[in-house]
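**Student:** One structure coming up, written as structure tokens, with questions to follow.
Laboratory data are not the source of any read-out in this text; all were calculated from the coordinates shown. All of these numbers come straight from a predicted model, not from anything done at the bench. Ideal geometry is used to build each Cβ from the backbone, glycine not excepted, and the neighbour counts take in all protein chains shown.
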Amino acid sequence: MAGIDDFRKIELKIASIVEVKDHPNADKLYVITVDLGDVKKEVVAGIKPSYTKEALVGKQVVIVNNLDPVTLRGVQSNGMILAASDDTGIVVVTTDKPVKLGSIVK
């Protein structure tokens, strides 16, 4: 079981999706540019089966901001967009009203 100190190691922040591109080497992945207010990052996300590019642009999402970069099918990902999934598909975690970019989720 994890304690509160384990949770505090994870840096969750609010970001806005500013650009979505098809991954050049994977059918179910997008390469997504997110804006955290002070920096923009590219993340790779396996949400293509559930979202069009147009539906994602402008959404505020929660990202894990302090993960080590990882290369997914030849493209570097610098974070992770939080999402839930069930038998109906994938749903990204969003805010219910606009929040300042870079705000910490706690």
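**Student:** Hey, quick one: spin label on Lys9, modelled 7 Å out along Cα-Cβ, who in the stretch 82-106 has an amide N within reach, i.e. under 20 Å?
**Tutor:** 82, 105-106
**Student:** Once you sort the root eigenvalues of the Cα gyration tensor of the chain as a ≥ b ≥ c, which label holds: rounded (a/c under 1.5), prolate (a/b larger than b/c) or oblate (the other case)? Each step should come with its number before you reach the end.
**Tutor:** Details: a/c = 1.39, a/b = 1.32, b/c = 1.06.
Rounded.
**Student:** Quick one: order Asp6, Asp35 by neighbouring beta-carbon count within 10 Å, fewest to most. Numbers along the way, then the final one.
**Tutor:** Working: Asp6 9, Asp35 17.
Ordered by Cβ neighbours within 10 Å, fewest first: Asp6, Asp35.
**Student:** Moving to a separate point now. Name the shape class, rounded, prolate or oblate, that the alpha-carbon gyration tensor gives for the stretch 26-69, where a ≥ b ≥ c are the square roots of its eigenvalues, rounded holds for a/c under 1.5, and otherwise prolate holds if a/b is larger than b/c and oblate otherwise.
**Tutor:** Values: a/c = 2.25, a/b = 1.38, b/c = 1.64.
Judged from the Cα gyration tensor, the stretch 26-69 comes out oblate (a/c at least 1.5, b/c at or above a/b).
**Student:** Per residue of the stretch 47-57, what does 6.51 cos²θ - 1.76 cosθ + 1.60 with θ = phi - 60° give for ³J(HN,Hα)? Whole Hz please, x for Gly and Pro, Karplus curve as stated.
**Tutor:** Residue by residue, the stretch 47-57 yields 10, 4, x, 10, 9, 7, 4, 5, 6, 8, 4 Hz.
**Student:** Among Phe7, Ala84, Gly58, whose Cα lies farthest out toward the positive end of the dipole of the chain, if unit charges sit on the beta carbon of Lys, Arg (+1) and Asp, Glu (-1)?
**Tutor:** The listed residue farthest towards the positive side: Gly58.
**Student:** Could you line up Val75, Val70 from fewest to most neighbouring Cβ atoms inside 10 Å?
**Tutor:** Details: Val75 17, Val70 13.
Final ranking by Cβ density, sparse to dense: Val70, Val75.
**Student:** Just how large is the dipole of the chain about the Cα centre, in debye to the nearest 20, putting +1 at every Lys and Arg Cβ and -1 at every Asp and Glu Cβ?
**Tutor:** With only Lys, Arg, Asp and Glu charged at Cβ, the dipole is about 200 debye.
**Student:** Express the relative contact order of the chain as a whole percentage, based on alpha carbon pairs under 8 Å and six or more residues apart in sequence.
**Tutor:** On the way: 218 pairs, mean separation 32.5, N = 106.
With pairs under 8 Å counted, the relative contact order is 31 percent.
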